[in-house]
């Protein structure tokens, strides 16, 4: 029996800061432009990964077909690099707020930017094994970066939630595959507020190797090739890397373009690929095929192939507030940004 | 049997760095005993009004603390009803007397608020609201909502609100014990800093230290007399109120008080009302029946609430200009009018003491004994 | 502000019933609003930095309190946001 996405939701905070503004304050070159990021989302004073997860989860639940009961969500995994606690799961806070009930298996995940998609794989396997009727996977972050660092131009905030199950599917899972190695391109120690990164080492041996490996693995295992897809979505740490990997793997700019929300919202870390998928589902048509490959520093990639339902357009016709409509031209100053980031 | 006031005392109200809560209570107790010409051992019971000592001073069991100031340790209790603590303590003392259990008691109200910063005192005062249903509010915010409701329904204007504040500051010039002796024009109030739109700084009563005490008796038939009282309640939260433009606790308490004392609003020459924010004076003078609903603001602006008008509201300067040490206010209102009666300046007066945003109201009618 | 674990626990059970509800502002000031949701009235803080006016349509959202220190429980509450 197929398994797949029953419902989804996404949430972007309502403020943006331009990379030009950041560059002006630091009196530096606009790294954002060279990284292909014009602006990024900024969480408000009272937002964090838990509140963002709840907003995304609430939208996902509101879009559930009437035949599906939120109380049947028996597993919840939230992936993030910015969980409110080192010990006490975001999942319990989100489950209580969403009214999910006690029949729930949950734990928080961290694997840099692929923690959300790892949660998605886990939820799919709970459903496939019938350990859960429905599962909810959330990837959300209020990404941290050191002032003046290149990451400051790209580290944004936001998240998406996916409810997976066996019935009323918006898109079913064709296949999923993952790769993992011990590659230290980006890390954060427990007492530190900002991550460290290994500069150019984050490129070839890290992002490119793992995304390419996972993509090639899933294509080989399914016998599919790039031309079979309507959309490709690769993790977007910036606007450059996904374009480069897409080209290298044989995907066209047309297939890629709808996944490049990063240009306006920045890198949402564990929310990145998840929000990217939500953005694609918002515009996808019946029977279209989507390749989705995440990347998490440390390192690993999760690859998914989704086949949109023959009646996807009908199923989602009542959905409101799509991802793109949440990108508001509400630009703030660097001072306002620092206040919100608690600096 | 009626309750008479043998003597009273009000401390200076203000920012009193050299006086602790105990000092203020002691001063008020001793002062009222001297004024009553009573020995401390003649006091049979002690009723203490205070809201904040538990939070601000970590001192509870205030009844016992005050009782310890008497050599014979009379029975005592502390009464708390937020800013209506004083009025409620008066009721407790009166009921103890009217039950026949005691013949002479003392009621003392006190508060020490200025040892902590503004944020902490604002948070402490906010505890008088519904901490669950009104979480995150403060009293300027809650009274701002009441002000907006009154302005929307009755067209009450900024000038009308400011006129109450201006008038109270003018009255306070004749009260040496008031916290402020500075006059403000309506324009000054209008231009004062916005606190919670539309409430401005000079709409708000201050943070104050102070104490007041009265000695009450049923043994003596001279001295000012408590003609009657009323005690009304309403929901703690604004969201559960039937009306935002009238305090039903005041209306209910007023009805009881007028009935018991056989008075009407027209009989009242002076009233000390609970102007924690100027809107509350406007609401009070309407709910007490001095002016028609919605006309309180206009009456204030036209000078009907000062000398030469219909009724003198807040001759002491009210909470705004005399000050508002929370637990002391309700007792001070009684003490102030009692003093005026003794001086021959008043025949019949009324006090109006409110807790929170109107969840509690206590009203007393006080007059010259025949 | 110290968030007491038992108090947090009792309150967190009630949040889902009031989350995501739409209504209208009756009166609002300084980060606080009296709103009507259905036939009932409620009082909520407004989301950080927002200014609401009488008549604005709102929805209840889940937001962080930011009253904790580095070692205490993180507090959350329902607020209202203009839609």
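The values are calculated or read from the model by the stated rules, or taken from the named source; none is laboratory data. Nothing here was measured: the structure is a model prediction, and the numbers come from that model. Ideal geometry is used to build each Cβ from the backbone, glycine not excepted, and the neighbour counts take in all protein chains shown.
Please go through region A:126-146 and give me each residue that is farther than 17 Å from residue A:7 by Cα and surrounded by fewer than 24 Cβ atoms within 10 Å (Cβ to Cβ), ordered by number.
Those that are farther than 17 Å from residue A:7 by Cα and surrounded by fewer than 24 Cβ atoms within 10 Å (Cβ to Cβ): A:129, A:130, A:131, A:144, A:145, A:146.
For residue B:164, indicate whether it is over 27 Å from residue B:209 (Cα atoms), buried (at least 22 other Cβ atoms within 10 Å of the Cβ) and either away from chain C (no Cβ under 12 Å) or over 19 Å from the mean Cα position of the chain (by Cα) (or both).
Answer is no for this residue.
Between C:53, C:30, which is modelled with pLDDT of 95 or more, in contact with a strand residue (DSSP E or B) (Cβ under 7 Å, 6 or more places away or on another chain) and over 25 Å from residue A:99 (Cα atoms)?
C:53
Tell me which residues, restricted to region B:180-206, are within 14 Å of chain C (Cβ to nearest Cβ) and within 16 Å of residue B:282 (Cα to Cα).
B:198, B:199, B:200, B:203, B:204
Restricting the search to region B:131-146, which residues are more than 7 Å from chain C (Cβ to nearest Cβ) and closer than 15 Å to residue C:46 by Cα?
Once the filter is applied, which keeps residues that are more than 7 Å from chain C (Cβ to nearest Cβ) and closer than 15 Å to residue C:46 by Cα, region B:131-146 yields B:138, B:142.
Restricting to region A:82-107, count the residues that are in contact with a helix residue (DSSP H, G or I) (Cβ under 6 Å, 6 or more places away or on another chain) and within 14 Å of chain C (Cβ to nearest Cβ).
Looking only at that region, the number is 12.
Return yes or no: is residue C:71 touching a residue at least 12 places away in the same chain (Cβ under 8 Å) and surrounded by fewer than 22 Cβ atoms within 10 Å (Cβ to Cβ)?
The answer is no for residue C:71.
Does residue C:20 satisfy the condition of being facing chain A (nearest Cβ under 10 Å), more than 29 Å from residue A:190 (Cβ to Cβ) and at pLDDT below 95?
no
Would you check if there is a residue in region B:251-265 being closer than 26 Å to residue C:39 by Cβ, more than 14 Å from chain C (Cβ to nearest Cβ) and touching a helix residue (DSSP H, G or I) at 6+ places or on another chain (Cβ under 7 Å)?
yes
Just to check your reading of the model, which residue among B:109, B:93 is surrounded by 21 or more Cβ atoms within 10 Å (Cβ to Cβ), out of contact with any helix residue (DSSP H, G or I) (no Cβ under 9 Å at 6 or more places or on another chain), away from chain C (no Cβ under 14 Å) and modelled with pLDDT of 95 or more?
B:93
Select from region C:52-64 the residues that are within 9 Å of another protein chain (Cβ to nearest Cβ) and surrounded by fewer than 17 Cβ atoms within 10 Å (Cβ to Cβ) and list them in ascending order.
Of everything in region C:52-64, just one residue is within 9 Å of another protein chain (Cβ to nearest Cβ) and surrounded by fewer than 17 Cβ atoms within 10 Å (Cβ to Cβ), namely C:54.
So which strands (runs of 3 or more DSSP E) are wholly in region B:182-267 and hold at least 3 residues that are over 18 Å from the mean Cα position of the chain (by Cα)?
Hits in region B:182-267: B:194-196.
Looking at (1) in contact with a helix residue (DSSP H, G or I) (Cβ under 6 Å, 6 or more places away or on another chain); (2) not in a strand (DSSP E or B), which is the only condition residue C:42 fails?
With respect to (1) in contact with a helix residue (DSSP H, G or I) (Cβ under 6 Å, 6 or more places away or on another chain); (2) not in a strand (DSSP E or B), residue C:42 is out only on (2).
For region B:147-154, state whether one or more residues are in contact with a helix residue (DSSP H, G or I) (Cβ under 6 Å, 6 or more places away or on another chain) and away from chain C (no Cβ under 14 Å).
no
Would you mind stating whether residue B:172 is crowded, with 18+ Cβ neighbours inside 10 Å and within 23 Å of residue B:106 (Cα to Cα)?
No: the conditions fail for residue B:172.
I'd like to check something: does region A:46-58 contain any residue that is touching a residue at least 60 places away in the same chain (Cβ under 8 Å), surrounded by fewer than 23 Cβ atoms within 10 Å (Cβ to Cβ), within 12 Å of another protein chain (Cβ to nearest Cβ) and under 23 Å from residue C:61 (Cβ atoms)?
no
Would region B:291-310 turn up any residue that is touching a residue at least 60 places away in the same chain (Cβ under 8 Å), within 12 Å of the chain's Cα centre (by Cα) and crowded, with 22+ Cβ neighbours inside 10 Å?
No, region B:291-310 contains no residue that is touching a residue at least 60 places away in the same chain (Cβ under 8 Å), within 12 Å of the chain's Cα centre (by Cα) and crowded, with 22+ Cβ neighbours inside 10 Å.
Taking into account only those residues within region C:25-39 that are facing chain B (nearest Cβ under 10 Å) and part of a loop (DSSP other than H, G, I, E, B), which is surrounded by the fewest Cβ atoms within 10 Å (Cβ to Cβ)?
Going through the qualifying residues, I end up with C:30.
Could you tell me whether region A:175-194 includes any residue that is closer than 21 Å to residue A:51 by Cα and surrounded by fewer than 18 Cβ atoms within 10 Å (Cβ to Cβ)?
Yes, that holds for at least one residue.
Filtering region C:1-17 down to residues that are under 13 Å from the mean Cα position of the chain (by Cα) and either in a helix (DSSP H, G or I) or within 9 Å of chain A (Cβ to nearest Cβ) (or both), which residue is surrounded by the fewest Cβ atoms within 10 Å (Cβ to Cβ)?
The selected residue is C:17.
Quickly run through region A:323-336 and pick out the residues that are assigned to a loop (DSSP other than H, G, I, E, B) and surrounded by 15 or more Cβ atoms within 10 Å (Cβ to Cβ).
A:327, A:332
Restricting to region A:60-81, what's the tally of residues that are outside any loop (DSSP other than H, G, I, E, B), surrounded by fewer than 24 Cβ atoms within 10 Å (Cβ to Cβ), within 14 Å of chain C (Cβ to nearest Cβ) and touching a strand residue (DSSP E or B) at 6+ places or on another chain (Cβ under 6 Å)?
0
Determine whether residue A:22 is within 12 Å of chain C (Cβ to nearest Cβ), on the phi < 0 side of the Ramachandran plot and outside any strand (DSSP E or B).
Considered against the rule, which asks whether it is within 12 Å of chain C (Cβ to nearest Cβ), on the phi < 0 side of the Ramachandran plot and outside any strand (DSSP E or B), residue A:22 comes out as no.
Can you tell me which residues in region B:334-354 are under 22 Å from residue B:291 (Cβ atoms) and touching a helix residue (DSSP H, G or I) at 6+ places or on another chain (Cβ under 7 Å)?
Correct list: B:346, B:348, B:349, B:351, B:352, B:353, B:354.
State yes or no: is residue C:71 farther than 24 Å from residue A:336 by Cα, within 9 Å of chain A (Cβ to nearest Cβ) and at pLDDT below 95?
Answer is no for this residue.
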